Amino acid sequence: MTEPIRDLQRIGVAGAGTMGTGIAQLSASFGHITLLYDNSPQMLTTARDRIKASLQRRIKDGRITQEQG
């Protein structure tokens with residue numbers, strides 16, 4: 001049986017599509033330094049905009065504070 005990774009601090013996510021963007025947002029929300037990679041600068045821009053919109057919705061709905069977002 002393998003040991004769980006407890007001291008994971010940095011996470012790299014390859015691909016800024018829907019799944020990669022969600023994984024990057026989730027890992028960052030847990031305090032990990034998260035690097036999102038994609039060959040397309042446009043995909044990275046879209047991913048950033050999606051994460052920003054998601055955080056704004058969560059703040060508006062009261063699920064997180066402004067400081068957490």
Give me the pairs: first residue in segment 21-34 and more than 16 Å from Lys52 (Cα to Cα) and without any contact (Cβ under 8 Å) to a residue 60 or more places away in the chain, second residue open to solvent by 60 Å² or more (accessible area, probe 1.4 Å) and charged (D, E, K, R), beta-carbon distance under 6 Å, and six or more apart or on different chains, which are they? Ile33/Arg10
Here is a check on your reading of the model: is Thr18 at pLDDT 95 or above, surrounded by 14 or more Cβ atoms within 10 Å (Cβ to Cβ), in contact with a helix residue (DSSP H, G or I) (Cβ under 9 Å, 6 or more places away or on another chain) and of a type in the set (S, T, N, Q)? no
Among what's in segment 31-55 and is among the hydroxyl-bearing types (Ser, Thr, Tyr) and assigned to a helix (DSSP H, G or I), pick the residue that is surrounded by the fewest Cβ atoms within 10 Å (Cβ to Cβ). Thr45
Can you spot a residue in segment 3-15 that is open to solvent by less than 100 Å² (accessible area, probe 1.4 Å), of a type outside the set (Val, Ile, Thr) and touching a helix residue (DSSP H, G or I) at 6+ places or on another chain (Cβ under 6 Å)? no
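The values are calculated or read from the model by the stated rules, or taken from the named source; none is laboratory data. Computed from a predicted model, the values in this text were never measured in an experiment. Counting neighbours? That spans all protein chains shown, and the Cβs are built from the backbone with ideal geometry, glycine included. For accessibility, only protein heavy atoms count, side chains too; no ligands or nucleic acids. Shrake-Rupley method; radii C 1.70, N 1.55, O 1.52, S 1.80 Å.
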